[in-house]
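Comments concern the structure below.
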Amino acid sequence: MKIWTSEHVFNHSWETVVQAAWRKYPNPMNPAVLGTDVIDRKVVDGVLHTHRLVTSEWGLPGWARSIVGPSGVCYASENSEVDPKTREMKLQTRNLSFGSLVAVDEKLTYQPCPNDSSKTLLKQEAIVTVHGVPLSNYLENMLTNNISCNASKGRQAIEWVITKIETEMTDLKNSAVKNKDEIITQTRKSIDDFRSSTRKTLDEMLFT
């Protein structure tokens, strides 16, 4: 069994990071994650509970696939809780594929940074267990290294999504301003046209 842990601080509010986490996939940093499907979602006592199926590619070398199985596509079950009152988001993921040979349990927690509530602290933990196959220790190290690499890509993906959201908001704001200006211009033109028409009508009534 191998245990991997990590902590990272985002220079963004908890609300911003959580919003980005929901829009994390697909992204160019984690092409191995092929998609996510919501299995169940409900709100209990103000806490959002979501169960998703995550489809990905583990990218195991040929010799490893010959041990655990040939399938390149893997599935995992993800359960999450988002509590807006305590400002905490928790995710727990466990693989469904290769479950009889490999167990990968991951936990992620997003919460305001204790030292600066305007920032967000991400805590990650993964427990990898391989049993019943040759070179189990080697496989555990390899999977743990993959998790560490993917975690780094995941943090980059969060930043990428945040930038994307900010760009969308800027474009929306600019579009709203443009539409407002167009409405004001058109309204003024209509008023001027009405005044001109009214003046012309009065002139015709007075001088004909």
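The values are calculated or read from the model by the stated rules, or taken from the named source; none is laboratory data. No experiment lies behind these values; they were computed from the predicted model shown. Counting neighbours? That spans all protein chains shown, and the Cβs are built from the backbone with ideal geometry, glycine included. Calculation scope for accessible area: heavy atoms of the full protein, side chains included, ligands and nucleic acids excluded. Shrake-Rupley method; radii C 1.70, N 1.55, O 1.52, S 1.80 Å.
A few remarks follow.
- In this simple spin-label approximation, LYS119 and ALA32 carry label points 7 Å from Cα along the Cα→Cβ vector, and these lie 2.8 nm apart.
- Candidate residues THR55, THR120, THR36, THR170: accessible-area rank, largest first, probe 1.4 Å: THR170, THR36, THR55, THR120
- The MET169 and THR129 beta-carbon pair, evaluated with R₀ = 35 Å, returns a calculated FRET efficiency of approximately 0.20.
- Extension gain (nm, one decimal) between LEU48 and ILE183, 0.36 nm per residue minus Cα-Cα: 44.6 nm
- Full extension of the chain segment joining SER136 with ASN11 gains 41.1 nm, where the gain is 0.36 nm per residue of separation less the Cα-Cα distance.
- Label positions at ASP83 and ALA103, each projected 7 Å from the Cα along the C-beta direction, are separated by 2.6 nm.
- Each residue of the range 73-89 is assigned a 3J(HN,Hα), and the resulting list reads 9, 10, 10, 9, 9, 10, 10, 9, 9, 10, 10, x, 6, 8, 6, 9, 10 Hz, derived from the Karplus form 6.51 cos²θ - 1.76 cosθ + 1.60 (θ = phi - 60°), x at Gly and Pro.
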